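Asker: Below you'll find the structure I mean.
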Amino acid sequence: MTLLSLADLAAILPPQSRLLGIDPGSRQVGLALSDVLCMVASPLQTVKRGKLGQMATLVRDLAREHGIGGMVVGMPLSLDGGFGPAAQASRDWTLALSEQTGLPACLWDERLSSAAVNRMLINEADMSRARRAEMVDRLAAAYTLQAALDAMPRRQT
């Protein structure tokens, strides 16, 4: 399976299916879920990063449970927009996850998503550091997925 552009993913997404947003970190992976109209992203959960096979099993289970038809995975481009080692690792991981799950995927720029979420949690929610650490990955996944949903061509319903 190859990685798709956002427009190509939107074009092949079955009607009434959801997108899974993934923020892959080195220790934890944040997950978010779109609604069936692909207009709103909601945080889902944070899981410990393990072996790819474990993640593929979890994603397949979530796909069956929630009607997920595709994935939007955060790609950590460099601050200057360059494609560095972290972006390459994210690309390789996403390609392997897509192949193991059978779900189409696209990469979406997630630069500073965790920083933006942390800033929001500090300034607007006045959350403690421990509570922020517990939530930041799934919120970063929702932040990235929402940005992709906002840029995605509207599906015909």
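Asker: Residue 26 versus residue 1, label points 7 Å from Cα toward the beta carbon: distance in nm?
Answerer: Each label point lies 7 Å from its Cα, and together they span 2.8 nm.
Asker: Search the structure for amide H atoms under 5 Å from the amide H of residue 21, placed 1.01 Å from N in the peptide plane, and list their residues when 5 or more places away or on another chain.
Answerer: 32, 33, 34, 72
Asker: Long-range amide H contacts for residue 108: which residues qualify at under 5 Å (H placed 1.01 Å from N, peptide plane, sequence gap of 5 or more or a different chain)?
Answerer: Correct list: 73, 74, 75.
Asker: Using DSSP, restrict attention to beta bridges with both residues in the stretch 1-73 and report what percent are antiparallel, rounded to the nearest 5.
Answerer: The answer is about 70 percent antiparallel.
Read the figures in this text as sums done on the coordinates, not as results from a lab. As the structure is a computational prediction, the values presented were derived from the model and not from experiment. So basically every Cβ, Gly included, is an ideal-geometry build from the backbone, and we count neighbours across all protein chains shown.
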